[in-house]
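A short write-up of the structure that comes next.
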């Protein structure tokens, strides 16, 4: 099976570390409020089970600040707010519950690069584990139980059966 997929996620991924710098209280903060990925997906079906690998590009909104707190003020030494381009890779497992419904779990590693602020080097990386329920809306592919599928989750149909050439089949 080969395909492409993409998504956009809103998140509260972030980290804040507070500690002294030369005896003065300092705060280092990073945030990833949104992330978009676009990936190629390659797998092989074993009946209703489809293990797959994914790789592609990613971009997301990143924010980082270095600040030193001088009493009665909040003096900011450096800050960054940007849209960063990077890469993503991972693997997953999808299970067909029936002809139209499947569930999946996957792991993604995302790297949006790094930047140097005034007091530290900031790296924008995330490791995501997520699940999904997929409902297939087959607009052009024909869905049926056919002997050519041999119990496979995905099946390439003859050209006269499906305009897209791709056929989904349950493994019964």
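The values are calculated or read from the model by the stated rules, or taken from the named source; none is laboratory data. Since this is a predicted model, take the numbers as computed values, not measurements. Positions of Cβ are backbone-derived with ideal geometry, glycine not excepted, and every protein chain shown enters the neighbour counts.
Every residue, every condition in (1) surrounded by 15 or more Cβ atoms within 10 Å (Cβ to Cβ); (2) modelled with pLDDT of 65 or more; (3) within 20 Å of residue 46 (Cβ to Cβ), yes or no:
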| site | (1), (2), (3) |
| --- | --- |
| 97 | no, yes, yes |
| 106 | yes, yes, yes |
| 121 | no, yes, no |
| 134 | no, yes, yes |
| 159 | no, no, no |
Q.
Against the definition (over 14 Å from the mean Cα position of the chain (by Cα), at negative phi and at pLDDT 90 or above), how does residue 74 come out, yes or no?
A. no
(Q) Looking at the structure I just gave you, is residue 14 under 23 Å from residue 64 (Cβ atoms) and either within 18 Å of the chain's Cα centre (by Cα) or loosely packed, with under 12 Cβ neighbours inside 10 Å (or both)? (A) yes
Q: Residues being outside any strand (DSSP E or B) and closer than 22 Å to residue 108 by Cα: count how many of those fall in the stretch 1-46.
A: 3
